[in-house]
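Written out below as structure tokens is the structure these notes cover.
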Amino acid sequence: MKQAAYPSYKPTGVDWLEKVPSHWDMKRLRFAVQTNPVASELRCPPDTLVSFVPMEAVGEYGGLALDQEKPLDEIGSGYTYFRDDDVVVAKITPCFENGKGALAKGLKNGIAFGTTELHVLRARENMDPGFLFYLTISDAFRDMGEAHMYGAGGQKRVPELFIRDLRSPVPPAEEQRKIALFLDRKTGEIDKLIRKREELLAVQREKRMAMVTHAVTQGFATSTDFTQTSIPWLQKIPAHWRLVPLKWCCH
């Protein structure tokens with residue numbers, strides 16, 4: 001994707017990003033986002049319905065499955081709290097490396113509780129939630145987070161301190177919104193192309209298997225006489241073919 005260059009650029013002083021437009025800031029994310037807010041800020045009746053989000057409901061590179069709901073008083077203290085416009089990021093391997101994360105939208109009563117294996121990022125005043133979401137699914141963010149993981153084997157996790165201390169580009173707020181909207185549109189177009197390609201591949205796979213099945217059960221000749229079989233899965237075969245148990249043909 002070729003876009004027009006900015007008038008001027010400046011060095012960032014960080015290893016992972018050589019330069020940014022001159023009018024952008026470089027900030028540690030702790031000054032642009034609040035990490036892992038606590039549920040004690042809620043002021044809701046205990047019977048309020050909220051969304052419940054296990055790890056399998058968190059999409060890769062966006063999206064939450066919001067088909068589970070629970071009353072607040074049935075949710076224990078061991079779950080991760082977030083609300084609409086928060087960004088959630090899986091912190092455990094391999095979910096983090098696989099891009100699991102989302103911008104929360106459409107939560108029941110604007111509130112959700114989910115798996116403890118999520119970091120929650122809440123944009124401050126000068127950070128757009130959409131821009132923040134795209135930052136967290138970028139290859140650079142995921143690669144650096146993977147390098148900062150701690151733990152052993154399948155229990156490695158990205159620490160909260162990595163997110164808070166990460167020096168990140170922060171464009172002006174209006175520019176962030178424009179970038180997020182641009183990426184919404186472009187990624188939506190790409191997703192549509194991917195779905196069409198997947199549908200085409202599914203049709204081709206079905207065609208392939210139908211061809212294989214026809215060839216090994218009825219052959220290629222279209223005018224051959226057929227004979228009925230007593231096998232439920234095989235209605236008929238060419239009249240000159242034989243039916244034998246496979247043990248007679250192979251070990």
Cα radius of gyration and Dmax for segment 103-221 (Å): 22.2, 72
Stokes-Einstein D (µm²/s) once Rh is taken as the Kirkwood radius of segment 1-114 over alpha-carbon pairs, at 10 °C in 1.306 mPa s: 95
Check: the chain dipole with +1 on Lys, Arg Cβ and -1 on Asp, Glu Cβ, in debye: 780
Positive dipole terminus of the chain, leading residue within ALA140, GLN176, SER230 (C-beta point charges): SER230
Within a Gaussian network of the chain (alpha carbon springs, distance under 10 Å), most fluctuating of PRO171, PRO45, PRO232: PRO232
Proximal lysines relative to LYS91, as straight alpha-carbon distance under 25 Å, when same-chain residues fewer than 8 apart are discounted: LYS27, LYS70, LYS100, LYS105, LYS108, LYS156
Probe 1.4 Å, protein heavy atoms only - accessible area per residue of segment 27-76 in square angstrom: 57
Efficiency of FRET between SER223 and LEU243 - r from beta-carbon atoms, R0 30 angstrom, step 0.05: 0.90
Long-range HN-HN contacts of ASN36 with modeled amide H, under 5 Å: VAL120, LEU121, ARG122
Debye equation applied to the C-alpha atoms of the chain, log10 I(q)/I(0) at 0.09, 0.15, 0.16 Å⁻¹: -0.58, -1.09, -1.22
Two-decimal ratio, segment 1-61, of alpha-carbon radius of gyration to 2.2 N^0.38 Å: 1.91
For the chain, built as a Gaussian network whose Cα springs stay under 10 Å, the top-fluctuating residue of PHE226, PHE141, PHE52: PHE226
GluC sites (Glu not before Pro) within segment 100-158, DSSP loop, no more than 12 other Cβ atoms inside 10 Å: GLU125
Enclosed volume per residue, in Å³, of the convex hull spanned by Cα atoms of segment 153-195: 120
Residue with peak Gaussian network fluctuation, the chain [Cα springs, cutoff 10 Å], from GLU160, GLU189, GLU199: GLU199
Per residue solvent-accessible surface (Å²) - segment 118-187, probe of 1.4 Å: 48
Spatial separation of Cα centroids for segment 149-184 and segment 53-123, in angstrom: 16
Value of Rg to Rh for segment 167-245 (Rh from inverse mean 1/r over Cα pairs, i.e. Kirkwood): 1.51
The chain: DSSP helices with Cα axial extent of at least 30 Å and average Kyte-Doolittle hydropathy no lower than -1.0: 173-218
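The values are calculated or read from the model by the stated rules, or taken from the named source; none is laboratory data. Values in this document were obtained by computation on a predicted structure and should not be read as measured data. When we count neighbours, we look across all protein chains shown, and the Cβ atoms used for this are built from the backbone with ideal geometry, even at glycine. Areas reflect the complete protein model, heavy atoms only, side chains present, ligands, DNA and RNA absent. Shrake-Rupley method; radii C 1.70, N 1.55, O 1.52, S 1.80 Å.
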